[in-house]
Structure formats: C-alpha cells, structure tokens
Amino acid sequence: MYVFCKYHDLHMVELEDFKYGGTNITAFRLVNPESDLVQQAVREWIQGETMFNRAIPFGGKSIKGANSTVNPFSISTETALMYDAALLFANALNALDRSQDIETVNLDCNSEQTWQHGNSLINYMKLVEMTGLTGKVSFDTEGFRSNFKLDIVELRKEGLTQVGTWETGTGANFSRNYTEQYTEIVESLHNKTLVVSTILNDPFLMLKEDSKVLVGNDRYEGYSV
C-alpha cells in the first residue's frame, strides 16, 4: 500500500502504527526538526514560555518516546513561516533604517493614508536573503518566494527519514542508491506471501498441450511464467 501525502505537517503526526504495516508513506517537508537552527529556536521558545509559566503550544512540549515517530523539536510549518516572516521584516526594516532616516507615524487602518517608507520597505524585503526555519528565504521581482528546497521523506522503521530533496528549477533528487533500494524491497517482502493474478494471453501465459493431466501452476507456460 502506497500513500502519497500532501499534508505539510506530516512530521508532527504520530505514525507509529504504520511503521511495521508495510504502508509506504512519502511526503514533502519544508521544516526539518533535526536542523540546528530549528532546534535552537524551539529551545529558546520553550525557555521563554517556561519562564512565564505558559503552555508550550507545539510538539516541543513532549519527550520523544522510544517508538515515537514525532521529533520533540517539531513545530508546524505555519509557525515556522510566521517566524521567518517576522525575521525577514526585521532584517528589511533594519536595512532600510541604515540607508535613510525613517520616522514612524500613527496611521488609521480605515484611512487611505499610507506610510511614506512603505514601498521602500517592501523593496528591501524582496532583496533580503536569509536562512530561516524553512530554509533559504529569497524572493523574485514579483515578490514570490524563489530558490527554496523541500525535503522528500519516507516512513521507515526508524521513523520519517529524508530520502531526497526537491528544488525549484532542478526538481526531485533522490539520495538513495541501488543497494539501499534493493535492501528496502527485500525487507518489505520478508515473510510475506504474494498472490499473482493473470489471464491466458499468448504468448505470455498459455496452457501446455498436456495441461489436462497436470495440476496447479504446472499447467501453464509462456514468457511470464
């Protein structure tokens, strides 16, 4: 059984029940909970929430069990994107402040009046390149994110494991070699009985001339046998 999952927070789902059932689960991942940057941000977040006696609203609050597939440093993709957005805004505002004198003014949300430095700030945000919790962050001239990378992960006995990457411009690139793939196939077929169904179709599967006196699979011949 194969499951191709488009759910972007699969790394936060407990998949223990599927690890040994022969289910093949493949997914894309934007946030890698094993990266040093993510783990550092989660530790600092936990310390801050603990200091003020607040509940920790993400996977970092749990201790990974012996058989759990959820990394204790897992945070949702939406949370990581919000973190990167705030950091990007801060970097762009800092760059704008260094280039010219800026003044903050009170604006009414219901007014048509805009901040005089608003367009400049947007342009600086498009120019900023940084590494955030979701990897490399950069934008094209239209303001769309570009040159980002997704991890391709599969569920194995040891949990979700990265088996490749997908990048804009180059597409998917799998890191598994032939030996690893062959070993996985052999292990997946271990202690399993396969039932193959087919139909008579010359020259792939035919009855032997003496099939009437034979029994079972001995009655057949052909390229597929």
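The values are calculated or read from the model by the stated rules, or taken from the named source; none is laboratory data. Since the structure is predicted, the reported quantities are computational estimates derived from the model, not experimental observations. Counting neighbours? That spans all protein chains shown, and the Cβs are built from the backbone with ideal geometry, glycine included. Heavy atoms of the whole protein, side chains included, go into the accessibility calculation; ligands, DNA and RNA do not. Shrake-Rupley method; radii C 1.70, N 1.55, O 1.52, S 1.80 Å.
Which whole-number percent gives the relative contact order of the chain, counting Cα pairs below 8 Å spaced six or more residues apart?
17 percent
Longer than 25 Å from Cα to Cα, which of 126/149; 19/192; 136/157 are they? Say none if no pair is.
The answer is 136/157.
Using protein chains only and a probe of 1.4 angstrom, how many square angstrom of residue 166 are accessible, to the nearest 10?
Around 80 Å² of this residue is reachable by solvent.
What is the log10 of I(q)/I(0) for segment 91-225, computed with the Debye formula using one identical point scatterer on each Cα and no solvent, at q = 0.16, 0.17 Å⁻¹?
Log10 I(q)/I(0), no solvent term: -1.00, -1.04.
Stretch residue 139-residue 115 to full length: gain in nm at 0.36 nm per residue minus the Cα-Cα span?
Extending this stretch completely gives an extra 6.4 nm.
Report, to the nearest 10°, how far helix 178-189 tilts away from the longest principal axis of the Cα atoms in the chain, using its own Cα long axis and a range of 0 to 90°.
Relative to the chain, helix 178-189 is tipped by roughly 60 degrees.
So for segment 73-149, averaging the separation of alpha carbon pairs under 8 Å that are six or more residues apart and normalising by length, what relative contact order in percent results?
Relative contact order here is 28 percent.
Please list 3J(HN,Hα) in residue order for segment 74-80, calculated via the Karplus relation 6.51 cos²θ - 1.76 cosθ + 1.60 where θ = phi - 60°; whole Hz, with x for glycine and proline.
Taking θ as phi minus 60°, the curve returns 6, 10, 5, 4, 4, 5, 5 Hz for segment 74-80.
Would you please state the base-10 log of I(q)/I(0) at q = 0.11, 0.18 1/Å for the chain, with intensities from the Debye formula using one equal scatterer on every alpha carbon?
-0.78, -1.32
Can you tell me the orientation of helix 118-127 relative to the chain, as the angle in degrees between its alpha-carbon axis and the longest Cα principal axis, to the nearest 10?
40 degrees
Among 33, 203, 72, which one shows the highest mean-square fluctuation when the chain is modelled as a Gaussian network with alpha-carbon springs under 10 Å?
It is 203.
Treating only the Cβ of Lys, Arg, Asp and Glu as charged (+1, +1, -1, -1), what charge dipole size does the chain show about its Cα centre? Round to the nearest 20 debye. The partial results should precede the final answer.
Values: 19 positive and 30 negative charges, 107 e Å.
So the magnitude is around 520 debye.
Percent relative contact order of segment 140-201, based on C-alpha pairs within less than 8 angstrom and at least six residues apart?
20 percent
Collect residues whose amide H, placed 1.01 Å from N in the peptide plane, falls under 5 Å from the amide H of residue 149; neighbours closer than 5 in sequence don't count.
For residue 149, whose amide H was placed from the backbone, the distant partners under 5 Å are 136.
Given 92, 122, 193, which one lies farthest toward the positive end of the charge dipole of segment 67-225, if we put +1 on the Cβ of every Lys and Arg and -1 on the Cβ of every Asp and Glu?
In segment 67-225, that residue is 193.
How large, in percent, is the carbon and sulfur part of the accessible surface of segment 118-225 at a probe radius of 1.4 Å?
Here it works out to 53 percent.
Tabulate in residue order the Karplus-calculated ³J(HN,Hα) for segment 131-145, using 6.51 cos²θ - 1.76 cosθ + 1.60 with θ = phi - 60°, rounded to whole Hz; enter x for Gly and Pro.
These are the phi-based 3J(HN,Hα) values: 10, x, 5, 9, x, 5, 10, 7, 10, 8, 5, 8, x, 8, 5 Hz.
Springs between alpha-carbon atoms under 10 Å, Gaussian network over the chain: tell me which of 189, 15, 205 tops the mean-square fluctuations.
205
Rolling a 1.4 Å sphere over the protein heavy atoms, what is the accessible area per residue of the chain, to the nearest Å²?
72 Å²
Short version: ³J(HN,Hα) in whole Hz for each residue of segment 100-109, in order, from phi by Karplus 6.51 cos²θ - 1.76 cosθ + 1.60 (θ = phi - 60°), x for Gly and Pro, what are they?
In residue order, the calculated couplings are 7, 7, 10, 10, 8, 9, 7, 10, 8, 4 Hz.
Of 104, 170, 79, which is the most mobile in a GNM of the chain whose springs link Cα atoms less than 10 angstrom apart?
Of 104, 170, 79, the Gaussian network model singles out 104 as fluctuating most.
For the chain, take the longest principal axis of its alpha carbons; what is the angle in degrees between that and the long axis of helix 36-51, to the nearest 10 within 0 to 90?
So the inclination is approximately 60 degrees.
Just the accessible area for residue 136, please: 1.4 Å probe, Å², rounded to the nearest 10?
Counting only protein heavy atoms, residue 136 exposes about 100 Å² to solvent.
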